[in-house]
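Note sheet for the following structure.
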Amino acid sequence: MNAVPKIAIIIASIREKRAGLKVGHWVYDIAKSRTDLVFELVDLKDWPLPMYAYAETTKTMEAKYTDELPRQWVEKVGSFDGYVVVTPEYNHGYPPSLKNAMDYVYEGWNRKPVAFVSYGASSGGVRAVQQLRQVIVELQMAPIRAEVNIPFVFRAFDEKDALVVNADIYIKTAQVMFDQLAWWATTLKTGRM
Ligand SMILES: Cc1cc2nc3c(=O)[nH]c(=O)nc-3n(C[C@H](O)[C@H](O)[C@H](O)COP(=O)(O)O)c2cc1C
């Protein structure tokens, strides 16, 4: 019997006082009720990678990083069977912290599924997710259809960081997203063996 797929919940925003932290923890709390997947929170604020500036592209470079943080990041990404990206929308796109972290790794992302939880103002971050869907295909990742999009994030949570606006709808959608993610993570994990 295969081990339960291990999923990273990646918090993309690294801003001071970011909403991303409470959205990430909200996702993680729902995720913990699952028995078909195991989860770990990965906060990009804990991974202050400089902007990718190597002469070589990731495909040839990632096996020979000499700096400790990029080496550890390659190992970290590669240790998961799938990902949930928690992303805000910045100027109708996703944040540079996320793109840079993605650009540092190639093989570790390959043939693994990725789901999306976005947030923002009126759009709920859907434009950021649409952009991400293009990028992750180039990394040979499988995008999950069901996604959670939380609009007006600045008034969606109370002072105790509980999601209080339409929480029942988002929880239901998150579970559908995890159902789809579990199928892909399990299937691709078997396929990679
Ligand atoms: C640089 C920047 C650009 C933004 N652009 C958008 C945008 O295009 N659409 C949107 O819905 N919200 C936009 N916002 C508002 C963010 O969605 C909101 O500030 C959110 O809290 C950002 O996530 P964070 O706090 O986790 O960084 C922008 C915020 C920043 C900092």
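Some notes on this structure:
- Loop-located chymotrypsin sites (Phe, Trp or Tyr not before Pro) in region 109-185 (DSSP state other than H, G, I, E, B) with a sparse environment of at most 15 neighbouring Cβ atoms within 10 Å: 152.
- Leading residue at positive end of dipole, region 6-192 (Cβ point charges), from 24, 152, 78: 152
- Percent antiparallel among DSSP beta bridges (both partners in the chain, rounded to 5): 10 percent
- Directionally averaged projected area (convex hull, Cα atoms, the chain), nm²: 10.9 nm²
- For the pair residue 133 and residue 29 in one chain, pulling the backbone fully straight at 0.36 nm per residue adds 35.0 nm over the alpha carbon distance.
- Relative contact order (%) - criterion: Cα under 8 Å, at least six apart; region: the chain: 23 percent
- Separation of region 73-115 from region 33-52 is 9 Å, based on Cα centroids.
- Trypsin sites (Lys or Arg not before Pro), loop per DSSP, at most 15 other Cβ atoms within 10 Å - longest free stretch of the chain: 33-110
- Farthest towards the positive end of the charge dipole of region 6-192, among the residues 188, 104, 93, is the Cα of 188, using unit charges on the Cβ of Lys, Arg, Asp and Glu.
- Taking Lys and Arg as +1 and Asp and Glu as -1, the other residues whose beta-carbon sits under 14 Å from that of residue 138 total +3.
- Qualifying GluC sites (Glu not before Pro) in region 132-183, DSSP loop, other Cβ atoms within 10 Å at most 15: 159
- The magnitude of the dipole of the chain, with charges of +1 and -1 set on the Cβ of Lys/Arg and Asp/Glu and taken from the Cα centre, is near 260 debye.
- Database remark: amide H of residue 84 closer than 5 angstrom to the amide H of 8, 9, 10, 115 (H placed geometrically; neighbours at sequence offset of 5 or more, or on other chains; Pro and chain starts carry no H).
Values quoted throughout were computed directly from the atomic coordinates according to the rules given, and no laboratory measurement underlies them. Here the structure is a predicted model, which is why all the values come from computation and not from measurement. We place every Cβ from the backbone using ideal geometry, glycine too, and count neighbours over all the protein chains shown.
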